[in-house]
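Here the structure comes first, spelled out in structure tokens, and everything after it is commentary.
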Amino acid sequence: MSEKLVFPEDFLWGSAQSAYQVEGNNCNNDWYEFEQIPGVIKNGDRCGESSDHYNLYESDFKLLRSLNQNAIRTGIEWSRIVPEENVVNEDELEHYHRVIESLKKNNLTEFINIFHFTIPIWFERKGGFLKNKNLKYFQHYCEVLAKNFPEVEFWNTINEPGVVPLMGYLYGDFPPRRKSLSAFTKVYRNMIKAHGIAYRKIKEHNPKSQVGIVKTIPYFYQKYHRKLWKKWVVSAMDFAYNQVMFDALKKGKLPFIPFAYKNWLRDSSDFFGLNYYNPVYFKFKFGIPTGFDSKLPSQNQITQMGWGIYPQGLYEDIMRVKREFKGPIYITENGIATLHDEERQKFILSHLIEVNKAISDGADVKGFFYWSSLDNWEWAEGFEPRFGLIGIDYATKERLVRESARMYGKIAKNNAISKQLLDKFELVAPHKSKIQQTD
Ligand code: BGC
């Protein structure tokens, strides 16, 4: 007799990556220019050839399929498709056709990202997403994709609409290194509008494609704080960063937007792509918010990114998306940067337990994508953080299959987590309902 934690039939087991982070040799976008500035990237790294996935995609997909994954989330690099204003590069269209064909050939369901942090240099020179009138250029890019890639089954419109505004326009750690609350607000609103544009354009040409946003929801721990003032401040931040998105996607509500966009935004996601990594803990001095930590004060165990590990936050987030969004959910990113693969194995298991629990509590979670398929370029942190199921030797580009990739593959194959595996990591499923006993 054996016991296992089972997942729904047809569950997608995949891993995620983004074009710029893995492809290599992208020299025509804002990140490429940003990396030339001394001191902005840890250890002075530059993305350069990265994991060379642009050339090695075929063997990478084969490898991931051999590890029982049945889905991949990857992306298209805007600056390759539209290298200059109004110029479409046919060779690059062909390249991405081959990439998608290879995914299909390997029986990997494709989730294709339209925007994942990078913008072409020409678009950046025009003011990027800071200027409302520039949205027409993004619309053109979406039309090119919609017309040229009818074969894509799942599209992700904008990866994390809040991250570029936050990191690039409020904190200044990403390009274009601005530190302005008003710029943050404008860019965030334009990113949400850009999602509406992408959704409508793809649906116009390919009504059968499934199109959805991808949003990171850090778990705002102190929402449940007892001190009223703090609770209010954290809830206000949560409203601005997270709730705004739900209201836009479902009701077309976004403060001060023109009527046309309301219609574009209302019901503009066929599914919700949820990214989850860590809890967030807001700091106060004399009652005034002074910033936040990406871990709880009591947490010593942190990842290479300095983030705390808090699997319960994933459960809470899924249940929130269930309540607010009321549609299918894919976990589009969840992962850990660590040099210790055992830690990665435990991280995956403990988060999958929470996914399973949310499913048994009625959430319609249809798939899970570990971040990341391969070690890759971690933005301003350079190459140091190791997120991959597959390790990369950056000097030789050799792929090293980690034990976590095999463990994840076993779970994918069985569509279940065995009791032995939970025991090995001293984990207990907090709920019994989905533990099945089989002979
Ligand atoms: C982003 C990825 C990034 C990961 C880890 C996510 O928010 O979508 O591009 O690598 O976080 O930082």
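The values are calculated or read from the model by the stated rules, or taken from the named source; none is laboratory data. Quick caveat, the model's predicted, so the values are computed rather than measured. Note that each Cβ is placed from the backbone with ideal geometry, even for glycine, and that neighbours are counted across all protein chains shown. Ligands, DNA and RNA are stripped out before the accessible areas are found, and what is left, the full protein with its side chains, is counted by its heavy atoms. Shrake-Rupley method; radii C 1.70, N 1.55, O 1.52, S 1.80 Å.
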*Going toward the positive end of the dipole of the stretch 10-414, with +1 on Lys and Arg Cβ and -1 on Asp and Glu Cβ, which of GLN243, GLN69, TRP264 do you reach last?*
GLN243
*Shape of the stretch 244-339, Cα gyration tensor, a/c cut at 1.5*: oblate
*In Å and whole numbers, how far do the C-alpha atoms of the stretch 273-403 stretch along each principal axis, longest first?*
47, 42, 23
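Answer rounded, prolate or oblate for the stretch 173-223, using the Cα gyration tensor with square roots of eigenvalues a ≥ b ≥ c: rounded when a/c is under 1.5, else prolate when a/b is larger than b/c, else oblate. Before the final figure, lay out each step's value.
Details: a/c = 3.00, a/b = 1.61, b/c = 1.87.
It is oblate, given that a/c is not under 1.5 and a/b is not larger than b/c.
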_For the chain, set up a GNM with springs between Cα atoms under 10 Å and report which of ILE417, ILE318, ILE37 has the largest fluctuation._
ILE37
_Keeping all protein chains in the complex and leaving out DNA, RNA and ligands, what accessible area do you get for ARG406 with a 1.4 Å probe, in Å² to the nearest 10?_
120 Å²
*About the Cα centre, charge dipole magnitude for the stretch 10-414 (Lys/Arg +1, Asp/Glu -1 at Cβ), debye*: 2040 debye
*Return the long-range amide H neighbours of ARG386 (sequence gap of 5 or more, or a different chain), with a cut-off of under 5 Å between placed amide H atoms.*
THR338
*For peptides 68-77, 389-398, 253-262, sequence by mean Cβ density within 10 Å, most packed first*: 68-77, 389-398, 253-262
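Is the stretch 198-305 best put as rounded, prolate or oblate by its Cα gyration tensor, with a ≥ b ≥ c the root eigenvalues, rounded for a/c under 1.5, and otherwise prolate when a/b is larger than b/c, oblate when not?
Working: a/c = 3.72, a/b = 1.83, b/c = 2.03.
Cα axes put the stretch 198-305 in the oblate bin.
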_trypsin sites (Lys or Arg not before Pro) restricted to DSSP loop in the stretch 126-168 with at most 16 other C-beta within 10 Å_ = LYS126, LYS131
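Taking the mean number of other Cβ atoms within 10 Å as a proxy for protection, how do you rank 176-183, 213-220 from highest to lowest?
Details: 176-183: 13.9, 213-220: 24.4.
Result, highest mean first: 213-220, 176-183.
Excluding GLN36 itself, calculate the net charge of residues whose Cβ lies under 13 Å from the Cβ of GLN36, where each Lys or Arg counts +1 and each Asp or Glu counts -1. Kindly include the intermediate steps, with their values, before the conclusion.
Numbers: positive: ARG46, ARG177; negative: ASP30, GLU33, GLU35, ASP45.
That works out to -2.
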*Based on the mean of other beta carbon atoms within 10 Å per residue, what is the order of 150-163, 277-290, most packed first?*
150-163, 277-290
*Of HIS97, GLN301, VAL40, which is farthest on the positive side of the dipole of the stretch 10-414, counting Cα position, with +1 on Lys and Arg Cβ, -1 on Asp and Glu Cβ, and the Cα centre as origin?*
GLN301
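Would you kindly calculate the mean projected area, averaged across all directions, of the convex hull enclosing the Cα atoms of the stretch 153-263, in square nanometres?
Numbers: hull surface 33.2 nm².
Mean orientational projected area (the stretch 153-263, Cα hull): 8.3 nm².
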*With springs connecting C-alpha atoms under 10 Å apart, model the chain as a Gaussian network and identify which of GLU33, GLU354, GLU333 has the largest mean-square fluctuation.*
GLU33
*Under a 10 Å cutoff between Cα atoms, tell me which one of LYS201, LYS227, LYS326 has the largest fluctuation in the Gaussian network model of the chain.*
LYS227
*Short version: ³J(HN,Hα) in whole Hz for each residue of the stretch 203-216, in order, from phi by Karplus 6.51 cos²θ - 1.76 cosθ + 1.60 (θ = phi - 60°), x for Gly and Pro, what are they?*
5, 4, 8, 9, x, 7, 5, 8, 10, x, 7, 10, 10, 7
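Give me the Kirkwood hydrodynamic radius of the chain, using the inverse of the mean 1/r over all pairs of distinct Cα atoms, in Å to one decimal.
On the way: mean 1/r = 0.0452 Å⁻¹.
Its Kirkwood hydrodynamic radius stands at 22.1 Å.
Beyond 22 Å between alpha-carbons counts as too far, so tell me which of LYS179/LYS262; LYS104/LYS208; LYS203/LYS262; LYS201/LYS251; LYS208/LYS253; LYS126/LYS208 fall in that bin.
On the way: LYS179/LYS262 29 Å; LYS104/LYS208 17 Å; LYS203/LYS262 17 Å; LYS201/LYS251 19 Å; LYS208/LYS253 25 Å; LYS126/LYS208 34 Å.
Beyond 22 Å: LYS179/LYS262; LYS208/LYS253; LYS126/LYS208.
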*Kindly work out what percent of the DSSP beta bridges joining two residues of the chain are antiparallel, to the nearest 5.*
35 percent
*Hey, can you grab everything whose amide H is under 5 Å from the amide H of SER180? Only 5+ residues off in sequence or another chain; H modelled, so Pro and N-termini drop out.*
LEU170
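Between beta-carbons, use under 11 Å as the cut-off and find the net charge around ALA337, counting Lys and Arg +1, Asp and Glu -1.
Numbers: positive: ARG344, ARG386; negative: GLU343, ASP375, GLU378, GLU381, GLU384.
Local net charge: -3.
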*Compute the signed sum of charges (Lys and Arg +1, Asp and Glu -1) over the other residues within less than 10 Å, Cβ to Cβ, of SER404.*
0
